[in-house]
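**Student:** Mind looking over this structure? Questions follow.
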Amino acid sequence: MESGQDKDSAKITGGVTTAGPRPAGLANPYIGYAALVIVPIAAFILILLHGENLPAAIGVALPVSATKGNIFSMPIMLSQTAVIIAVARVFGIIVHRFGQPKVIGEMIAGVVLGPSLFGWAWPAGYQWVFPGGVARLNSLSQIGIILFIFLVGVELDLKDVRARFRQILVVSHAGMALPILGGGILAFFLYHDYAPAGRSFAEFTLFFACAMSVTAFPVLARILAEQNLTSTPLGVLAIGCASVADVTAWIMLAVAVALEQGVGSVQTILGHTLVGAAIYLAIMFFLMRPLLAHFWQRAVVGGHLLGHNEFSVLILVILVSALFTELLNVHAIFGAFIAGVIMPRDPRLQLAVRSRLEDILIVLLLPLFFAFTGLRTNVGLLSSSHDWYFAFWIILVAIAGKLGGSAIAARVSAIGWREAGALGVLMNSRGLMELVLLTIGLQDGIITPALFTMMVLMTIVTTMMTVPLLSWIMPSSRKSQA
C-alpha cells in the first residue's frame, strides 16, 4: 500500500501531474548543487594535486600490436560475423527469459567469445575464428552505435527536457561528482599496480574517475524502450541526465587522452572543445534545424516521405555531425545524438527512420561492438585475491557513487523518493558507453588489461542490476501508468 507521500507526490512516471503537493526539496537548490557537486570535485582536485607524490606505476599496458587489426580476409570476417550474431542472439533470448534486457545477453556473449571462456576452453578454435581480432568489425560496429544514438535523439521530446532542465543539470552533475571523487580515492590504491609504467598519476586518475562516472546512454535508451518508459517524464529525465553526464565525461576523457599524447595544456584543450562545441551547437540548432524542417516539408508535399534521396541526406547529416564532435574531442555519438535532436518532430519521420534502421542495428551492428570488447576482456588476468579485492571495491564504489549520488540529487530536486530511487538505478547502468570508453583507455595505454577486465565486470554488474531494481522500486502496476 502506498504511503501518503507517494499518493500526493507529483508522479514523474506518469504523463499527468496530480494535484497533490510537490515533494519537499531544499528551499535553495543551489545549496544542494554546491554540496553534491562542488565539494566532491574540490576534493577530487586535491587528490590530483597530492597523488603525484605516489611511487611510480609498474603496471603492464596492452602491447600496441595487440590493439591493431591483422590481415583482412573475407571468409574470416564472414565467419566472425556469423558466430557473433548467433551467440549474441542465443544469450539475448536466455537473459530475456529471466527478465533482463537482451542487451545484457549481448554483453555477456562478447565476454564468452573472448579469451575468458572461448579462448580458454578451445584455444585452437578461438585462433581460427579470431586470428587477428575484430578490428575491422569494430569499425562497422562504430557506425552502428552512431546510428543507434541518432534514433535516441529523434525520439527525445525537447519540450520535456526544457521543462526539467534544472533537475537534469543537478542530477547529472551530482551523479558524476560523487563517483568521480570515489574514483579519485580508489586511484590512490590502484595506481602503483594497475597503471601502465610511465603513466602519470593525473592521466591515470582523470581517466579512471571518468570511467567510474559514465552512464550507459545507448543501453539506457534500450532498457527504457523495453520497459515502455521512453516517453514518460522519468524516461525523458533519465535520457537528459545521461546525455549531460556523458558529454561532461567525454570532455574529461579528451583532457586525459590529450595529456597522455602531449597535445597541449589543459586550458588549450578545454578551450578548443568548449568554444568549438558552442559554435557547432549554434550551427546545428539555428541553421541546420530550420533547413531540415524546410527540406522535410518539401518531401512531404512531394509525396516522398523518406525516399532514397531523402534518406541519403539524413545519413550525411548524421555522419558529418558525428565527425565534427569527434574533431572537437567529444565522442562521435554525441554528434549523432544532436543530429537526431534537430530532426523535424513529425511522427511520420520517426516511424520511417525507425523502420529503416532499427532491425539492422539491433540484429547486426550493435552485437559486433560487444564482441569487440569481449575479445579484450580476460578474466584470467585476475589471478590473485588482491585483484579480486580491488574488483569488489570498484563495483561497490561505482554503485554507491552513481546510484546514491543521482538518487540523493533527485530528491533534493523535489522528486519523490520512489522516483528518485528509480532514476538513480537508471543512471547507475553503464553498459555500452563504459565499454567504448574502456576500449579507448586500453588502446591508448592509460589502463592495464587487468584493470580493464575489472571495469568490464563492474559494467556488467551495474547494468544487470538495472531492470531487477527498477521492477522492485516501480512495480508493473505503477509503470503501466507511465
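**Student:** Quick one: L62 ticks every box in (1) open to solvent by 20 Å² or more (accessible area, probe 1.4 Å); (2) modelled with pLDDT of 80 or more bar one, so which box is it?
**Tutor:** So L62 meets the others, but not (2).
**Student:** Sticking with this one: For a quick check of your reading of the model, give me the residue pairs whose first member lies in the stretch 73-85 and is within 22 Å of G105 (Cα to Cα), whose second is of a type outside the set (D, E, K, R) and open to solvent by 30 Å² or more (accessible area, probe 1.4 Å), with beta-carbon atoms closer than 8 Å and at least 6 apart or on different chains.
**Tutor:** Final answer for the pair search is T81/L364; I85/V363; I85/L364.
**Student:** Pairs only if they're at least six apart or on different chains, beta carbon under 7 angstrom, first in the stretch 44-67 and in a loop (DSSP other than H, G, I, E, B) and polar (S, T, N, Q), second modelled with pLDDT under 80 and open to solvent by less than 90 Å² (accessible area, probe 1.4 Å); list them, first residue then second.
**Tutor:** Taking only residues 6 or more apart or on different chains, not a single pair turns up.
**Student:** A further question follows. Is it the case, given these coordinates, that L396 is over 19 Å from G99 (Cβ atoms), out of contact with any Cys (no Cβ under 6 Å at 6 or more places or on another chain) and open to solvent by 30 Å² or more (accessible area, probe 1.4 Å)? Show your work before the answer.
**Tutor:** Working: over 19 Å from G99 (Cβ atoms): yes; out of contact with any Cys (no Cβ under 6 Å at 6 or more places or on another chain): yes; open to solvent by 30 Å² or more (accessible area, probe 1.4 Å): yes.
Spelling it out, L396 is indeed over 19 Å from G99 (Cβ atoms), out of contact with any Cys (no Cβ under 6 Å at 6 or more places or on another chain) and open to solvent by 30 Å² or more (accessible area, probe 1.4 Å).
**Student:** Just one of V103, V83, V129 is open to solvent by 30 Å² or more (accessible area, probe 1.4 Å) and either aliphatic (A, V, I, L, M) or under 17 Å from F370 (Cβ atoms) (or both); which is it? Walk me through it before giving the result.
**Tutor:** Details: V103 fails: open to solvent by 30 Å² or more (accessible area, probe 1.4 Å); V129 fails: open to solvent by 30 Å² or more (accessible area, probe 1.4 Å).
Checking each option against the conditions leaves just V83.
**Student:** Continuing with the same structure: Do we have I71 as part of a helix (DSSP H, G or I) and either at pLDDT below 75 or open to solvent by less than 70 Å² (accessible area, probe 1.4 Å) (or both) here? Step through it out loud before you land on a result.
**Tutor:** On the way: part of a helix (DSSP H, G or I): no; either at pLDDT below 75 or open to solvent by less than 70 Å² (accessible area, probe 1.4 Å) (or both): yes.
Against the criterion (part of a helix (DSSP H, G or I) and either at pLDDT below 75 or open to solvent by less than 70 Å² (accessible area, probe 1.4 Å) (or both)), I71 does not qualify.
**Student:** Kindly evaluate I223 against the criterion of being crowded, with 24+ Cβ neighbours inside 10 Å and in a helix (DSSP H, G or I). Walk me through how you get there before you give the answer.
**Tutor:** Working: crowded, with 24+ Cβ neighbours inside 10 Å: yes; in a helix (DSSP H, G or I): yes.
Criteria met by I223.
**Student:** Could you go through the stretch 427-442 and let me know if any residue there is at pLDDT below 90, in a loop (DSSP other than H, G, I, E, B) and basic (K, R). If you could, list the steps in order and put the result at the bottom.
**Tutor:** The initial filter retains those residues of the stretch 427-442 that are at pLDDT below 90, namely 429-442.
Checking the rest, the ones that are also in a loop (DSSP other than H, G, I, E, B) come to 429-430.
Right, trim to basic (K, R) and you get 430.
Among the residues of the stretch 427-442, at least one is at pLDDT below 90, in a loop (DSSP other than H, G, I, E, B) and basic (K, R), which makes the answer yes.
**Student:** Turning to a different aspect of this structure: Please pick out the residue among S200, S213 that is buried (at least 24 other Cβ atoms within 10 Å of the Cβ), among the polar types (S, T, N, Q) and more than 26 Å from G92 (Cα to Cα). Walk me through how you get there before you give the answer.
**Tutor:** Numbers: S200 fails: buried (at least 24 other Cβ atoms within 10 Å of the Cβ).
The match here is S213.
**Student:** Since F372 meets every condition but one in (1) surrounded by fewer than 18 Cβ atoms within 10 Å (Cβ to Cβ); (2) aromatic (F, W, Y); (3) in contact with a strand residue (DSSP E or B) (Cβ under 8 Å, 6 or more places away or on another chain), which condition does it not meet?
**Tutor:** Of (1) surrounded by fewer than 18 Cβ atoms within 10 Å (Cβ to Cβ); (2) aromatic (F, W, Y); (3) in contact with a strand residue (DSSP E or B) (Cβ under 8 Å, 6 or more places away or on another chain), only one is false for F372: (1).
**Student:** Still on this model: Return the residues of the stretch 133-192 that are at pLDDT 85 or above and open to solvent by 30 Å² or more (accessible area, probe 1.4 Å); say none if nothing qualifies.
**Tutor:** I143, H173, L178, L181, I185, F188, F189, H192
**Student:** Can you report the number of residues in the stretch 279-304 which are open to solvent by less than 60 Å² (accessible area, probe 1.4 Å) and hydrophobic (A, V, I, L, M, F, W, C)?
**Tutor:** Matching residues across the stretch 279-304 total 8.
**Student:** Please give the number of the condition A398 fails out of (1) closer than 29 Å to G424 by Cβ; (2) in contact with a strand residue (DSSP E or B) (Cβ under 7 Å, 6 or more places away or on another chain).
**Tutor:** All conditions are met except number (2).
**Student:** Here's a follow-up. If P347 satisfies every condition in (1) open to solvent by 60 Å² or more (accessible area, probe 1.4 Å); (2) within 24 Å of the chain's Cα centre (by Cα); (3) closer than 20 Å to A225 by Cβ but one, which is the exception?
**Tutor:** With respect to (1) open to solvent by 60 Å² or more (accessible area, probe 1.4 Å); (2) within 24 Å of the chain's Cα centre (by Cα); (3) closer than 20 Å to A225 by Cβ, P347 is out only on (2).
**Student:** Condition (residue is surrounded by fewer than 22 Cβ atoms within 10 Å (Cβ to Cβ), of a type in the set (D, E) and either touching a residue at least 60 places away in the same chain (Cβ under 8 Å) or in a loop (DSSP other than H, G, I, E, B) (or both)) applied to the stretch 413-421: is it met by at least one residue?
**Tutor:** No, every residue in the stretch 413-421 fails to be surrounded by fewer than 22 Cβ atoms within 10 Å (Cβ to Cβ), of a type in the set (D, E) and either touching a residue at least 60 places away in the same chain (Cβ under 8 Å) or in a loop (DSSP other than H, G, I, E, B) (or both).
Results for (1) among the aliphatic types (A, V, I, L, M); (2) at pLDDT 85 or above, shown as yes or no for each residue.
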site: L328; (1), (2): yes, no
site: V341; (1), (2): yes, yes
site: P347; (1), (2): no, yes
site: I360; (1), (2): yes, yes
site: L368; (1), (2): yes, no
site: R376; (1), (2): no, no
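The values are calculated or read from the model by the stated rules, or taken from the named source; none is laboratory data. All of these numbers come straight from a predicted model, not from anything done at the bench. Cβ sites come from the backbone with ideal geometry, for glycine too, and all protein chains shown count toward neighbours. Remember, those area values only see protein heavy atoms, side chains included, never the ligands or the DNA or RNA. Shrake-Rupley method; radii C 1.70, N 1.55, O 1.52, S 1.80 Å.
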